[in-house]
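A short worksheet on the structure shown next.
Every number in this text was worked out from the coordinates using simple rules, so none of it is lab data. None of the values given here were measured: they were computed from a predicted structure. Note that we place each Cβ from the backbone using ideal geometry, even for glycine, and neighbour counts take in every protein chain shown.
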Amino acid sequence: MTQQGAVLQGYNNELVKCIEDLCMQKEELNKQIQQAEEEKNKLQHEIQILSEQLECVCENLAQKVASRNELDKILAETEAAYMKILDSSRTLLNVLKKEVGSLKHSPDLKTN
């Protein structure tokens, strides 16, 4: 019976060692879980900050694009008006040249 007691004691010792090993593994895993949760929280906070920054940049960009579009419209209208002025100036110049040419051929203006 002593031999059976010794075998049982050996099993008990191994069982206790296995339980202790499992407990140590659990503690290590708990530490890793805690670190992962802290990292997750940190990243979520950074994501929130970056999302807010992105929203501000998007709003700013939209305002700038709208301003550029308005400037494009103003420029197009101004260029069109300027082209009309140039066309009118050319027409006026041509009319003036014809009138001056006509006056030169008029008998009243010829000098003898």
Taking the Cα centre of the range 1-100 as origin, work out the dipole magnitude from +1 charges on Lys and Arg Cβ and -1 charges on Asp and Glu Cβ, in debye rounded to 20. 820
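Grab the DSSP H runs of the chain that are 4 residues or longer, score each as -39,500 (n - 2.57), total them, divide by all residues and round the 222 nm result to the nearest 500 deg cm²/dmol. Present the calculation step by step, with values, prior to reporting the outcome.
Details: 1 runs with 104 residues, N = 112.
Helix contribution divided over all residues of the chain: -36000 deg cm²/dmol.
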Taking R0 as 30 Å, what's the FRET efficiency between S106 and L75 from their Cβ-Cβ distance, rounded to 0.05? 0.05
Y11/K40 FRET efficiency (R0 41 Å; Cβ-Cβ; nearest 0.05): 0.45
Cβ-based charge dipole, the chain, positive-most Cα from N94, T2, C23: N94
Do any trypsin sites (Lys or Arg not before Pro) in the range 20-112 lie in a loop, going by DSSP, with at most 11 other beta-carbon atoms within 10 Å of their beta carbon, and if so which? K110
Mind sorting out which of (i) 148; (ii) 90; (iii) 111 is the real volume of the Cα convex hull per residue in Å³ computed from the coordinates? (i)
Taking Cα atoms, the helix 2-105 axis meets the longest principal axis of the chain at an angle in degrees (rounded to 10) of 0
So if each residue of separation counts as 0.36 nm, and I subtract the Cα-Cα distance between N30 and A66, what length gain in nm does that give? 7.6 nm
Close Lys-Lys pairs in the chain, where close means Cα under 28 Å and separation is 8 or more or interchain: 12
